[in-house]
Structure formats: C-alpha cells, structure tokens
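Colleague: Got a structure here, written out as structure tokens. Questions coming.
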Amino acid sequence: MSVVPKAVMPKIVKMSVLALLPACALAQEVPPAGQPTPNGADQLVGLFGATCLHFAGDNAGLRSFLTQQQAPKMPQQARDAFLAGRAGEVYDVSVPNVNLALVSLDDGGCEAVVEKADPAEIIPTLQQSAAEAHVTVQALGAQQTDKSGRGVNHAAFLLTSGGKQMHVLVSTAPQPPQAVLTFVPR
C-alpha cells in the first residue's frame, strides 16, 4: 500500500513506488527483486515530484505530510546551513546509500537536495519523469555556470501540468551537495 496521496500519481509524477519512497522515508534496505539499485538522480527527482511539486506553495501541507511520514527534522547546525538565513524547516529524508534533505521555506518555496549524484543525470531524469507524467518542460534560457569558480551550474525550467505552471531551478556541482532542485513560488 502506498502512503503517497492518490492525487500525486496522475497529476504531478507517475514514478515508480521505488522513486517515491524517499518522500515517505520508508525505503527498503534492499530493492525488490528485479529492480535496479536507486541512484541519487532518481531519488532526488522522485522526492522533488512527490513533495515540492505536489505541495507547490503549500508549506503547511508539505510539513504536515512529512510529519505524518515521520521524517525527522535536521539538527540546528544542519538546518542553519541549508536555510542560509532564510526562514523554514529542513528534513532528513535520506534512504540507504542516498543522503537527501528537503527544505520547506516559509515563503512556499521548496528544495530537494542530494549529497551525491551524477550531475549529468539530473536534468535528463527530471525531463524523463516529467514526460512520463505528461508534464511539459520548457527551458527558460541557457544553462549557466556560477561565477564562483566552483563549477556550479544552474538551469531554469517551467513545468506545466493541467494548466498549472511551476518554476523550477536545477543546480548541480562537482562536489557535494551535487544537486538541488528548487521549486520557486510565483
């Protein structure tokens, strides 16, 4: 039995139950027979779809869902690092072999963060998952490299589903955390 609300599956993301497990903090130690071991990109995109996009702009609903799933809040030091002066809550939604964090901002914004993932897999995984869910993905300009010299890349997208538009920023880096998917409220 899935603990993900039924409305999530057809409207936002049609991902395998395995991909949705990080949001539920109910991942299994060993994948089911015949299933590949989940990678960071799959886990990140699954988490992002089932939380940030599903609860787009509804931080109270998102936090209630995470509390129901018994996702632990991060300790104060980690919370402060993820929030970087912004107001919100940070949850540890890690699964075996994949460290994940979910940042729920008080302004309705949401970020899914993965410690390790192949940066080259993040955007294709997001695009593939969106296509499977019949969500339109439109790039908003060219991918840009951060001027910090650390190799951080940013790409902005507009996702459209059922007439609802969502701005998403994808940030990847060669060093951990290697990817962040951000829902930006309008």
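Bear in mind these aren't lab numbers, they're just calculated from the coordinates by the rules spelled out. Please read these numbers as outputs of a predicted model, since none were measured by experiment. Don't worry about glycine lacking a Cβ; one is built from the backbone with ideal geometry, like all the others, and counts go over all protein chains shown.
Colleague: Within the set of pairs 6 or more residues apart or between chains, which connect a residue that is in contact (Cβ under 8 Å) with a residue 40 or more places away in the chain inside segment 97-111 to a residue that is polar (S, T, N, Q) and part of a strand (DSSP E or B) with Cβ atoms less than 6 Å apart?
Modeller: Partner pairs satisfying both residue conditions: 110/104; 111/182.
Colleague: Still on this structure, I have one more. What pairs come out if I take residues in segment 45-62 that are of a type in the set (S, T, N, Q) and pair them with residues that are in a loop (DSSP other than H, G, I, E, B) whose C-beta lies under 7 Å away, six or more apart or interchain?
Modeller: Listed pairs, sorted by first residue: 59/106; 59/108.
Colleague: Restricting to segment 89-98, give me the number of residues that are in contact with a strand residue (DSSP E or B) (Cβ under 7 Å, 6 or more places away or on another chain) and of a type in the set (S, T, N, Q).
Modeller: So the first thing to find is which residues in segment 89-98 are in contact with a strand residue (DSSP E or B) (Cβ under 7 Å, 6 or more places away or on another chain), and the list is 89-94, 98.
Filter again for of a type in the set (S, T, N, Q), leaving 94.
Residues meeting the conditions: 1.
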